[in-house]
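Trainee: Once you've had a glance at the structure underneath, I'll fire off some questions.
The values are calculated or read from the model by the stated rules, or taken from the named source; none is laboratory data. Given the structure is predicted, the values throughout are model-derived calculations rather than measurements. With ideal geometry, Cβ positions are generated from the backbone for all residues, glycine too; neighbour counts draw on all protein chains shown.
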Amino acid sequence: MNKRIGFGVIAVLVSGGIAVAAQQGAAAKKLFVKVVNMQGFSTRIVYRSTNTTATVAGNPVANGASFHVGFPGGEMECISLLSSKWEVIRGGFRYRDPTGAVRVATIKRSQTGTFRLKLVATHAGIEPPGPATAYFTNFKINGGGDEYCGSTGSATPTKNDATTFLVKNDDGTACQPACSSPSGAFLDASVAF
């Protein structure tokens, strides 16, 4: 009897009964960071990634998500996307919060196999170091979901000064750490400490 239970547990584990979060490439089709108002410190961030290899893994409706963007050696910003603002759409999820730091975000995979990740944020607290020599992004679905990473690749930024950073069609996918904070505001609830 015990042997049957043991083999049953092994069969479940081998057949994929436990999901493990992964890091997936999400190179920047567009990363735009612009300081809109120097006095009020208002910044606009637009991030888009499109590819045919990534998949949507995790559930932000249940667990929320986070977006980490930064310029190594310069500033970084960690933005929380609350679970209550997410909804299920065909092929993935959409986030809407017209008055929040992130106005809209979408993560989905179409029926034709195209993966799309988009995020638009305003009044975030980050400024381009002007000129930036490197950047990174990490979009993470909390609760054991995957991380989607973009970073400096072979593309040259078309705008790169103290108020605006714009890079298009880059190919870097190195992962930097996902959001975390000493207060626990960005900690993944599924990870034991």
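Trainee: Among the residues of the stretch 65-88 satisfying the criterion of being modelled with pLDDT under 95 and of a type in the set (D, E, K, R), which is nearest to the chain's Cα centre (by Cα)?
Mentor: Top of the filtered list is 77.
Trainee: Please specify each residue of the stretch 100-110 satisfying the condition of being part of a loop (DSSP other than H, G, I, E, B) and surrounded by 15 or more Cβ atoms within 10 Å (Cβ to Cβ).
Mentor: 100, 101
Trainee: Residue 62 versus (1) in a strand (DSSP E or B); (2) aliphatic (A, V, I, L, M); (3) exposed (fewer than 15 other Cβ atoms within 10 Å of the Cβ); (4) at pLDDT 95 or above: which is the lone unmet condition?
Mentor: So residue 62 meets the others, but not (1).
Trainee: Filtering the stretch 119-144 down to residues that are part of a strand (DSSP E or B) and more than 11 Å from the chain's Cα centre (by Cα), which residue is surrounded by the most Cβ atoms within 10 Å (Cβ to Cβ)?
Mentor: 121
Trainee: Still on this model: Only one of 59, 138, 51 is in contact with a His (Cβ under 7 Å, 6 or more places away or on another chain) and in contact (Cβ under 8 Å) with a residue 40 or more places away in the chain; which?
Mentor: Going through 59, 138, 51 in turn, the sole match is 138.
Trainee: If residue 91 meets every condition in (1) at pLDDT below 95; (2) more than 17 Å from residue 47 (Cβ to Cβ) apart from one, which number is that one?
Mentor: Of everything listed in (1) at pLDDT below 95; (2) more than 17 Å from residue 47 (Cβ to Cβ), residue 91 misses just condition (1).
Trainee: Mind checking whether some residue in the stretch 158-166 is buried (at least 21 other Cβ atoms within 10 Å of the Cβ) and under 17 Å from the mean Cα position of the chain (by Cα)?
Mentor: For the stretch 158-166, residues buried (at least 21 other Cβ atoms within 10 Å of the Cβ) and under 17 Å from the mean Cα position of the chain (by Cα): absent.
Trainee: Select, from 113, 153, the only residue that is within 14 Å of residue 25 (Cα to Cα) and surrounded by fewer than 19 Cβ atoms within 10 Å (Cβ to Cβ).
Mentor: Criteria check complete, one pass: 153.
Trainee: Next question, about the same structure. Restricting the first residue to the stretch 146-169 and requiring it to be on the phi < 0 side of the Ramachandran plot, which pairs with a second residue that is part of a loop (DSSP other than H, G, I, E, B) and of a type in the set (S, T, N, Q) meet a Cβ separation below 6 Å and a spacing of at least six or different chains?
Mentor: Cβ pairs passing all conditions: 149/173; 155/169; 166/158.
Trainee: Of these, 170, 188, which one is among the charged types (D, E, K, R), at pLDDT below 95 and surrounded by 15 or more Cβ atoms within 10 Å (Cβ to Cβ)?
Mentor: On inspection, the qualifying residue turns out to be 188.
Quick grid of which residues meet (1) in contact (Cβ under 8 Å) with a residue 60 or more places away in the chain; (2) outside any strand (DSSP E or B):
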residue: 35; (1), (2): yes, no
residue: 74; (1), (2): no, yes
residue: 94; (1), (2): no, no
residue: 117; (1), (2): yes, no
